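The structure under discussion appears below in the form of C-alpha cells.
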Amino acid sequence: MVNRMSPLVFLACSGACCVGAGLRADVIEYLDKAEWELAAGDYTTIDFTGFADGTKITDQYADLGVLFGDEVIVYNPAFQDDWGLFGIHEPGFAIDIWFGESVTGIAADFLGDVVIELYSGGELVYTSSYFGYYSKFGGVVSAEPFDAARILDPFGGGGGAEIDSLYFGPPIPGASALGLVGVAFVAIVRRRRG
C-alpha cells in the first residue's frame, strides 16, 4: 500500500513524508537533509567538482562504487560550489546511477524539480513524488536495498535534471555486482528509448 498525501498535507510536512507512486510503501521521502542523514546512516557524497564544464561522466566515480549513464558536468553559479551534474538524455533528461553494492538511501541537492526512481535487479520498484516544489533537497530511504536509481525532470522538457551534490548509502556488502547491474540498467534505458 502506498501512502498518498494531499498537497496541503505534503506542504505541512517539515521533513519526512511517506508519499510517492511506487510498488513499495516502505520508502520514506525527505525534504530536510538533516533528517535524511539521520535516517540514512553512513553515506557517500559526490560534489562533482574537479572536472571541466561539459565533461561526460560515466565511470569517473567507480572507486566510490557508482557509475553514471553518460551525464555531463555543468558550471552554474546557482550551485552551492558552482558545479553539478546534468542529465542529457531521454526519457526525462535523466541522470542514471548504478551502485556497485546495493544501498538503502539516495538524496540530492538540485535545481528545478526532480523525481527519484529506484531499481532492483533491473526492475522499477519505486517512484518518488516530485521534489522541488517546496525544497531544493530531496531524498529517500528504503527498507529494502536497491542497486540503481534514476533522477529525472518530472516535466520532461524543463531542460533536464540538474543536481548539485549526490548522497547515497550505506552499501549493503555482497548485494550486487556493479558490472551486472550496469548491464541490466543499460538494457532498461535502451528499451525505454526505443
Residue match in the stretch 77-84 (condition: within 12 Å of the chain's Cα centre (by Cα) and either crowded, with 17+ Cβ neighbours inside 10 Å or among the aliphatic types (A, V, I, L, M) (or both)): no
Residue under evaluation GLY69, criteria (1) within 23 Å of PRO171 (Cα to Cα); (2) at pLDDT 95 or above, criterion not met: (2)
Considering residues of the stretch 106-115 that are of a type outside the set (Val, Ile, Thr) and surrounded by fewer than 24 Cβ atoms within 10 Å (Cβ to Cβ) only, the residue modelled with the highest pLDDT: ASP109
Count of residues meeting criterion [on the phi < 0 side of the Ramachandran plot and in contact with a helix residue (DSSP H, G or I) (Cβ under 9 Å, 6 or more places away or on another chain)] in the stretch 60-88: 4
Conditions (1) farther than 21 Å from GLU101 by Cα; (2) of a type outside the set (Phe, Trp, Tyr); (3) at pLDDT 95 or above; (4) over 16 Å from the mean Cα position of the chain (by Cα); number of the one not met by ALA62: (1)
The stretch 91-114, residues that are under 14 Å from PHE137 (Cβ atoms) and touching a Gly at 6+ places or on another chain (Cβ under 8 Å): GLY105, ILE106, ALA107, ALA108, PHE110, LEU111, GLY112, ASP113, VAL114
Residue list for the stretch 116-125, filter: surrounded by 20 or more Cβ atoms within 10 Å (Cβ to Cβ) and either outside any strand (DSSP E or B) or touching an Asp or Glu at 6+ places or on another chain (Cβ under 7 Å) (or both): TYR119, SER120
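Go through the stretch 51-82 and give me each residue that's free of Cβ contacts under 8 Å to residues at least 40 places away in the same chain and aromatic (Phe, Trp, Tyr).
Listed by number, the residues that qualify are PHE51, TYR61, PHE68, TYR75.
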Some residue of the stretch 84-92 being closer than 13 Å to LEU166 by Cα and not small (Gly, Ala, Ser): yes
Test: residue in the stretch 4-25 that is under 27 Å from PHE86 (Cβ atoms) and at pLDDT 95 or above: no
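The values are calculated or read from the model by the stated rules, or taken from the named source; none is laboratory data. What you see is a predicted model; the values in this text were computed from it and never measured. Every residue, glycine as well, gets a Cβ built from its backbone with ideal geometry; the counts of neighbours run over all protein chains shown.
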